[in-house]
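Written out below as structure tokens is the structure these notes cover.
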Amino acid sequence: MKLKCVIVDDELMARLSLERLCEKREELEILGIFDQPTECLSFLRQQVIDLLFLDVEMPGLNGLELLDQLSYMPSVILTTSKTEYAFDAFQYQVTDYLKKPISLPRFMQAVDKAIEKKVSVKVAAVKETDVNEIYVKTEGRYIRIVYDNILYIENVGDYVKIRTINGSHIVYATMKNLEEKLNPKYFFRVHRSFIINLSKIVDIEESNLVIADKVIPISRANKPELLEKLNIL
């Protein structure tokens, strides 16, 4: 099992130390190392990872503020030279909390916890293959949306708009991230800018389909797979 991980710390020696420690575990694949939390945040809005090694005290945007702005929550191992953030670590339900300088045994223990967490999530996913809901973070809180209430999802720049039968939710996320989270039994990406609920299609024309009052384009490459998913006589 591979864990895609990222390191963010404004101290050079701390980054180098963590990089060397990560190289001792073949399960870890480093996708990025950042000294600026804002750069890391931009990366995480485009890339889904499994594990984040995160310094707490950094200029501009501290580690906890970075977590507040993520559209999804990977496993997080906080790293800090102080112990006063232990309560915050508990509040954010991080995987582990490492005090600098980080010893090899404690690092190994923390990584083991992250691996165990990913295994447990996979096991749960197998047991609940017919999940019919998703939670999205919007305006500082998590909102539960039942699949059957979702009409379609539209890409709008740096955000996505989830259109439901009751209204819309604007979420800071990527289409790729949402596509990976949604159950493909119910949803399909018909165009680079649209993911649809297959059960909400009203009709299909040559290169468009209609859901509620919205005409949605179908890309030529995705149309054959779309038709395969539908019960066509």
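With the requirement that a residue be open to solvent by 20 Å² or more (accessible area, probe 1.4 Å) and in a helix (DSSP H, G or I), what does the range 65-89 give you?
Answer for the range 65-89, where residues must be open to solvent by 20 Å² or more (accessible area, probe 1.4 Å) and in a helix (DSSP H, G or I): GLU65, ASP68, ALA86, PHE87, ASP88.
Within the group VAL215, VAL210, which residue is over 30 Å from LEU67 (Cβ atoms), out of contact with any His (no Cβ under 7 Å at 6 or more places or on another chain) and either open to solvent by 80 Å² or more (accessible area, probe 1.4 Å) or not in a strand (DSSP E or B) (or both)? Break it down into steps so the answer makes sense when it comes.
Details: VAL210 fails: either open to solvent by 80 Å² or more (accessible area, probe 1.4 Å) or not in a strand (DSSP E or B) (or both).
The unique qualifying residue is VAL215.
Considering the range 55-64 alone, what residues qualify as being out of contact with any helix residue (DSSP H, G or I) (no Cβ under 6 Å at 6 or more places or on another chain) and assigned to a loop (DSSP other than H, G, I, E, B)?
GLU57, PRO59, GLY60, ASN62
Please go through (1) touching a Leu at 6+ places or on another chain (Cβ under 7 Å); (2) not in a strand (DSSP E or B) for TYR97 and return the number of the only condition it doesn't satisfy.
TYR97 satisfies every listed condition except (2).
Yes/no matrix, rows are residues, columns are (1) at pLDDT 90 or above; (2) in contact with a strand residue (DSSP E or B) (Cβ under 7 Å, 6 or more places away or on another chain):
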| position | (1), (2) |
| --- | --- |
| VAL56 | yes, yes |
| ASP68 | no, no |
| TYR72 | no, no |
| THR80 | no, yes |
| ALA86 | no, yes |
| ILE102 | yes, yes |
| SER120 | no, no |
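Exactly one of these conditions fails for GLU39: (1) farther than 23 Å from VAL171 by Cα; (2) surrounded by fewer than 18 Cβ atoms within 10 Å (Cβ to Cβ); (3) not β-branched (Val, Ile, Thr). Give me its number.
Among (1) farther than 23 Å from VAL171 by Cα; (2) surrounded by fewer than 18 Cβ atoms within 10 Å (Cβ to Cβ); (3) not β-branched (Val, Ile, Thr), GLU39 violates only (1).
For the list (1) more than 30 Å from GLU27 (Cβ to Cβ); (2) at pLDDT below 95; (3) under 18 Å from the mean Cα position of the chain (by Cα); (4) open to solvent by 20 Å² or more (accessible area, probe 1.4 Å), I need the number of the one condition that VAL131 fails.
That leaves (1) as the condition not met.
Of the residues in the range 69-108, how many are of a type in the set (D, E, K, R) and without any contact (Cβ under 8 Å) to a residue 12 or more places away in the chain? Explain how you work it out, then say what you get.
Narrowing the range 69-108 to residues of a type in the set (D, E, K, R): 82, 84, 88, 96, 99-100, 106.
Those still in the list that are without any contact (Cβ under 8 Å) to a residue 12 or more places away in the chain too: 84, 106.
Looking only at that region, the number is 2.
How many of the residues making up the range 156-198 are open to solvent by less than 80 Å² (accessible area, probe 1.4 Å) and either of a type in the set (Val, Ile, Thr) or more than 16 Å from VAL215 (Cβ to Cβ) (or both)? Walk me through it before giving the result.
Keep residues of the range 156-198 that are open to solvent by less than 80 Å² (accessible area, probe 1.4 Å), which gives 156-157, 160-164, 167-169, 171-175, 177-178, 182-183, 186-191, 193-198.
Then keep just the ones that are either of a type in the set (Val, Ile, Thr) or more than 16 Å from VAL215 (Cβ to Cβ) (or both); that gives 156-157, 160, 162, 164, 167-169, 171-175, 177-178, 182-183, 186-190, 195-196, 198.
Residues flagged as open to solvent by less than 80 Å² (accessible area, probe 1.4 Å) and either of a type in the set (Val, Ile, Thr) or more than 16 Å from VAL215 (Cβ to Cβ) (or both) within the range 156-198 amount to 25.
Which strands (runs of 3 or more DSSP E) does the range 127-182 wholly contain that include 3 or more residues that are in contact (Cβ under 8 Å) with a residue 24 or more places away in the chain and at negative phi?
Details: elements: 133-138, 141-146, 150-156, 159-164, 167-171.
Ranges flagged: 133-138, 150-156, 167-171.
Which members of the range 3-16 meet the condition of being open to solvent by 10 Å² or more (accessible area, probe 1.4 Å) and out of contact with any Asp or Glu (no Cβ under 9 Å at 6 or more places or on another chain)?
MET13, LEU16
Tell me yes or no: at least one residue of the range 144-160 is within 16 Å of the chain's Cα centre (by Cα) and small (Gly, Ala, Ser).
no
Hey, GLN109 hits all of (1) in contact with a strand residue (DSSP E or B) (Cβ under 7 Å, 6 or more places away or on another chain); (2) open to solvent by 60 Å² or more (accessible area, probe 1.4 Å); (3) at pLDDT 95 or above but one; which does it fall short on?
(1)
Does the range 173-185 include one or more residues that are among the polar types (S, T, N, Q) and modelled with pLDDT of 90 or more?
Within the range 173-185, the first condition is being among the polar types (S, T, N, Q), and the residues that meet it are 174, 177, 183.
Cutting the leftovers down to modelled with pLDDT of 90 or more gives us none.
No, that holds for no residue.
The values are calculated or read from the model by the stated rules, or taken from the named source; none is laboratory data. Remember, predicted model here, so these are calculated numbers, not experimental data. Neighbour counts run over all protein chains shown; Cβ positions are idealised from the backbone, glycine included. Calculation scope for accessible area: heavy atoms of the full protein, side chains included, ligands and nucleic acids excluded. Shrake-Rupley method; radii C 1.70, N 1.55, O 1.52, S 1.80 Å.
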